[in-house]
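The values are calculated or read from the model by the stated rules, or taken from the named source; none is laboratory data. All of these numbers come straight from a predicted model, not from anything done at the bench. Neighbour counts are summed over all protein chains in view; Cβ atoms, including those assigned to glycine, are modelled from backbone coordinates with ideal geometry.
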Amino acid sequence: MTTAPFSSDISRWRRAALRGTLSLELGPFRATLGCDRPSWAALVPHLEALYPTMAASDTPRIGDQNLTVRAPNILRRYLRPQVVGLPGFDLPLVPLPQRLAPLAFEMAWNAAVALDCYRFLILHAAVVRIGDQAVIIAADTGGGKSTLAAALMEAGAILLSDEFALIDAASGNVHPFPRAISLKNESIALFAATRRHYVDTPKGTLGYMPPSRESLSVQATPARIGRLVVPHFGVGKSAQNIPIDPEKAAIRLLRGSPNYHALGEAGFTALMRLVTSAPMHELHYGSTEDGVALVHEVCQ
Amino acid sequence: MTVWETRPDDFVRQDFTDVVFLYDRLSGDTHALSPFASALLGLVSEAPKSTSELITMLPQAFGLAADDFPDGAINTWIDELDALGLLRPVGTSA
């Protein structure tokens, strides 16, 4: 029943994964994972490099998410091998080459949280903690959410999440879910701490930056949300901080929530409390250094 | 002339400077209302009102004259609130 760090006993986790009973715990979630042999072999280096201390267990348990990473059919296990990451419910999926099993795993966990979790108001955003306040970095297409989160982490912020803000509707606090930061293309070279690289993916080249030790140490501690920022990176842009009215902030955040409508009144109340208690700023910048400086400026 | 009513107990509202957000407990929809649409709803919340009463009362609520509003604007807002299920007709007046 006890858990152990993932890197402590890979052969034990292998047996559990092949049975479909491996449990992985991060932040508020426990995911159960099942794999076929080739997918497990491709996935292990990814998990060892990025999540060596993630709590794992081989005791069959009920998971918040039930993930399966395997070939889409028996033929594709051997002939031009492919892989799919199943989030535990029906979802149209495009198979990936088997070498991209780690991406299939990450995408499946993202899909399971985004589309099948109703414990939290979920926003598509990265979250860092600076001092005692959480800063939500709301996603805007191409805005540079993950790059800014990685740069802030290198500058001493604590990464709480790269992909989702998990907001407790009752308290208004955000729960950490410190998955590895997914960086794309040109952003990868900016960070020496990037560990795993995957070329020719549907999103170009991807690199993953592991959460810091500090991030993992506070993964069970919810944080008060102090600021909301919307990054807009553009080559040659001068640094600019534009305060956003709370009503406009509400509409932006609504668009980036996969489960707002499913939560009903609790979601409305949580969203309105968020935009009336945490100011939103649109940040325009032409360099990552300027982006980091702007975030620290709005947090003062 | 149509008489309108609403169901204020089914709404949760959050007022901002230029927008009122309204969550409808029955439909689960969130609406972003202009101050005028919100004021119309407020007038009907007090007691059912006819279209002609609303055309008279809404400008007064903002300290404006009836002809300060574009022709047909208030009728259009009433129709839109009806289409959203926020107002409903309960009868006609003379």
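Tell me whether the range A:155-170 contains one or more residues that are among the hydroxyl-bearing types (Ser, Thr, Tyr), in contact (Cβ under 8 Å) with a residue 40 or more places away in the chain and surrounded by 23 or more Cβ atoms within 10 Å (Cβ to Cβ). Yes: one or more hits. Of all the residues in the range A:19-35, those that are surrounded by fewer than 19 Cβ atoms within 10 Å (Cβ to Cβ) and closer than 12 Å to residue A:67 by Cα number 3. The set of residues from the range B:17-43 being buried (at least 18 other Cβ atoms within 10 Å of the Cβ) and closer than 17 Å to residue A:254 by Cβ comprises B:19, B:20, B:21, B:22, B:23, B:24, B:30, B:31, B:33.
Only one of the listed residues (A:190, A:166) is of a type outside the set (S, T, N, Q) and within 14 Å of the chain's Cα centre (by Cα). That residue is A:166.
Residues of the range A:171-210 that are under 16 Å from residue A:28 (Cα atoms) and either β-branched (Val, Ile, Thr) or modelled with pLDDT under 95 (or both): A:174 alone. Any chance the range B:71-82 includes a residue that's under 26 Å from residue A:245 (Cβ atoms), away from chain A (no Cβ under 14 Å) and either surrounded by 20 or more Cβ atoms within 10 Å (Cβ to Cβ) or touching a residue at least 60 places away in the same chain (Cβ under 8 Å) (or both)? Checking the range B:71-82: at least one residue is under 26 Å from residue A:245 (Cβ atoms), away from chain A (no Cβ under 14 Å) and either surrounded by 20 or more Cβ atoms within 10 Å (Cβ to Cβ) or touching a residue at least 60 places away in the same chain (Cβ under 8 Å) (or both).
Of all residues in the range A:160-195, how many are out of contact with any Cys (no Cβ under 9 Å at 6 or more places or on another chain) and part of a strand (DSSP E or B)?
11
Close Cβ contacts (under 6 Å, 6 or more residues apart or on different chains) running from residues in the range B:16-34 that are closer than 15 Å to residue A:270 by Cα to residues that are modelled with pLDDT of 95 or more and among the small types (Gly, Ala, Ser) comprise B:21/B:32; B:28/A:264.
Name every residue in the range A:139-154 that is at pLDDT 95 or above and of a type in the set (A, V, I, L, M, F, W, C), in order of residue number. If the condition is that a residue be at pLDDT 95 or above and of a type in the set (A, V, I, L, M, F, W, C), then A:148, A:149, A:150, A:151, A:152, A:153 are the ones that fit. For the range A:249-299, a residue qualifies if it is among the β-branched types (Val, Ile, Thr) and in contact with a helix residue (DSSP H, G or I) (Cβ under 7 Å, 6 or more places away or on another chain), and the qualifying residues are A:275, A:276, A:288, A:292, A:295. Scanning the range B:13-35 for residues that are more than 16 Å from residue A:246 (Cβ to Cβ), at the interface with chain A (Cβ under 9 Å from one of its Cβ atoms) and touching a strand residue (DSSP E or B) at 6+ places or on another chain (Cβ under 9 Å) returns B:25, B:29.
Return a yes/no flag: does the range A:259-267 have any residue that is under 17 Å from the mean Cα position of the chain (by Cα) and closer than 30 Å to residue B:10 by Cβ.
As a first pass, look at the range A:259-267 and keep what is under 17 Å from the mean Cα position of the chain (by Cα): A:259.
Next cut, closer than 30 Å to residue B:10 by Cβ only: A:259.
For the range A:259-267, residues under 17 Å from the mean Cα position of the chain (by Cα) and closer than 30 Å to residue B:10 by Cβ: present.
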